[in-house]
Amino acid sequence: MSSLPSALRVHDPGLRFLRSAARAAIVMPSVFAFANEVIGNPQLAIFAAFGSFAMLVLAEFGGPIRSRAIAYVSLACVGAANVTIGTLCSQSAWLAAGAMAAIGFVILFSGVISGYFAAAATPALLTFILSAMVPAPASALPARLEGWALAAGVGIAAQLLIWPLPAQTSLRSDAARAVTALAELAATELARDVRAIGDRVHATGETLRALRSRFLATPHKPSGPTGPEAALSSLVDELDWVFSLLAPPSRQPGLDVCPTENAEAVAAVVASLDASAATLEGRDDRPDLERLRESRDALAHAVARSILELPRPSSDEPITATLGSAFRIRALSGASEQAATYALLASGHNSPDLDTPQAAHAPAHAWRALLEHASPSDIWFRNSLRGAVGLALAVYIAQRSGVQHGFWVVLGTLSVLRSNALGTGWTILTALAGTAVGIALGAALVIGIGSHQSVLWAVLPFAVLLGSYAPRAISFAAGQAGFTVVLFVLFNIIQPVGWSVGVVRIEDVGIGFAISLGVGILFWPRGAAALFRENLALSYARNAEYVVAAERELVKGAASADAAAAAAAAAHRLDDAYRQAVAERSARSDGLASFAPLVAGAARLRRAAQSIASLALMAGSDVKLVQCGANLDAEVDAMRGWYLALGEALVHGTTLPQAPHVRDADGLRRLLECVRDALTSGDKAKMRPALDLVWASQHLDSLWQLEEHLGRHAVRAALS
């Protein structure tokens, strides 16, 4: 027995699932007892019971208490609308199926807006399914709405007041550990401890991989128009970029050029990362963003002086070998500042300096997210369409066939609808097995208890505890078993029918599972793997185009906003496709693991484009060194060609571009000569654009080094 608590903590860290299940076991039977025994209205009682289950078990929102309260109240309002529409359509199979298709698609597809919308999908759908599949005249609507209101009101209060989720989520804790590891790595670099830096790079990489794994394991990406969830999502990507700057593929960043300014810049980075980690952990430390900016400006002036003092390069000496360390430390400072702003927002603090789409107006962001995913090739669009069609078919078949308790036909469809036929089929087997076990347990309980209502009431809280805890901490099949036991007890309290309710349930959910399997075969026989490859290639193409557009904006002033929007849309679709592929029960985990570096590479390509674009935005001058910048054109075009070829190879199996592209060394030399001439001219207005061109060339150098790394992983992915 002494091993039980430790086992619980392994499968349920912090006993979060157990507390949530205990809360449901206390509140749901109490609400149902009040509705059934005190008020005595059957319609009110059934909506109070299942409404409580929806609010306490199916809906669980994270984040600050204000955001959670708004999410729960919004769900209550949507549920009331669904109860109304479902009741009015409940006596017509065509009306119910049509409304289910429309409402199902809207609810499922709205999940692209934020994690809150996605998390609310199942409880919101349950309110319509229950209303449409329990036929009743319009006169029953007031009682149904009262039952839902009772469940929602008590459920919201219980979620916010009884063992509420801590403000510091596990993902935020993992992010804090990753930021601390990065701070230690930067401090090791500052100390010039060559022996320790290799071990520190390895340890930091492991910490970041754990963070990324936890991030991808969440059912829905914590994103949205504003707020801590969106900032936390962006922070995960930003930390990967910081790590790539601290531990590049070919060398460690040094302090050789401008050593004093570089050392101060790295010290500012260490202090900022330490303070950001403290902020994420809930302490009072705040990152000093001004120190980061001042050290970066000092470094820029020192680099300008160094360029003037450098000897003329020989024919085979690219500028990247001369200024690489200074560039990496400057880029590291900028990335650390961005990470600090995300850490502040993720912790619920204001950061007025944040220059990202998350600060945009929420309705505009929501509309943009919907447009990004409104495509038949988008995985979220396909999932939403498949789910809506599957649920509509289930509603129509259940109503027209006249099966007893047709509600369970639709619930069976909702339970196991997955991304492809094979995944759905495996879920059907586990669901049927779990249901069979639940029937055996429930039947044994009912036979043993008989018609003693007081004993059934005493057993109900324990049944709810099992039904709430099992699917989260044990398995999907265990959840099906637990939920079946809850139904046995619940229906035998409302209308005693003995063990036969289990036979009805397995018959009805079997029909629902068959519908789910059929829809999976019809809409997506291949699963998410093929579409994931397509989205990965699209992301590389859009990000490479973004790099080109950002370089043109820096050199000539041409706008890159459209390319940035296209790259962002491709990144979002890739994230969804990768999550879907990871979640598929039929997916090969080893194959997906080989693709992880390629997904990270697409993010790094986009981040480089953003950094080049930010140089143009922060220039603060209309002066453009067009002739100097023209020397970057051949290099950036060659870079784009390499990444386009990589994407094509991933999708169509063409020859992989294993070797990096051939660099335009002459163009880079001419750029340095041109920059030197601009700096020696004495025109201060030319200093900033000249340095920006140097920084841009260093970003291209970073992407060139990345190519060899990605080529190796592309070969492994092709063989997996």
Checklist outcome for this item: Among Ser110, Ser52, Ser74, Ser67, the single one that is assigned to a helix (DSSP H, G or I) and either within 26 Å of Ser401 (Cα to Cα) or over 26 Å from the mean Cα position of the chain (by Cα) (or both) is Ser52
Checklist entry - If you take the residues in the range 81-93 that are among the small types (Gly, Ala, Ser), in a helix (DSSP H, G or I) and at pLDDT below 95, which one is farthest from the chain's Cα centre (by Cα)? => result Ala93
Checklist entry - Has the range 667-680 got any residue that is assigned to a loop (DSSP other than H, G, I, E, B), modelled with pLDDT under 80, under 15 Å from Ser697 (Cβ atoms) and in contact with a Lys or Arg (Cβ under 7 Å, 6 or more places away or on another chain)? => result no
Next on the checklist: Filter the range 52-72 down to the residues that are closer than 12 Å to Tyr116 by Cα and touching a residue at least 12 places away in the same chain (Cβ under 8 Å) and list them by number.
Outcome noted: Ala59, Glu60, Phe61, Gly62, Gly63, Ser67, Arg68, Ala69, Ala71, Tyr72
Next on the checklist: For the range 69-97, which positions are surrounded by fewer than 15 Cβ atoms within 10 Å (Cβ to Cβ) and in contact with a Pro (Cβ under 9 Å, 6 or more places away or on another chain)?
Outcome noted: Gln91
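What about Ser250, is it within 13 Å of Val179 (Cβ to Cβ) and either surrounded by 23 or more Cβ atoms within 10 Å (Cβ to Cβ) or at pLDDT below 75 (or both)? Spell out the reasoning first.
Numbers: within 13 Å of Val179 (Cβ to Cβ): no; either surrounded by 23 or more Cβ atoms within 10 Å (Cβ to Cβ) or at pLDDT below 75 (or both): yes.
The answer is no for Ser250.
Give the residue that is farthest from Trp695 (Cα to Cα), with candidates limited to residues of the range 615-655 that are polar (S, T, N, Q) and at pLDDT 80 or above.
Kept after step one, since they are polar (S, T, N, Q), are these residues of the range 615-655: 621, 627, 631, 654-655.
Subsequent filtering for residues that are at pLDDT 80 or above retains 627, 631.
Working: Gln627: 16, Asn631: 14 Å.
If we take residues in the range 615-655 being polar (S, T, N, Q) and at pLDDT 80 or above, then Gln627 is farthest from Trp695 (Cα to Cα).
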Next on the checklist: For the range 596-606, check the following and say yes or no: at least one residue is surrounded by 22 or more Cβ atoms within 10 Å (Cβ to Cβ), among the small types (Gly, Ala, Ser) and modelled with pLDDT of 80 or more.
Outcome noted: yes
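The values are calculated or read from the model by the stated rules, or taken from the named source; none is laboratory data. What you see is a predicted model, and the numbers here were worked out from it, not measured in a lab. Note: ideal-geometry Cβ built from the backbone for every residue, glycine included; neighbour counts use all protein chains shown.
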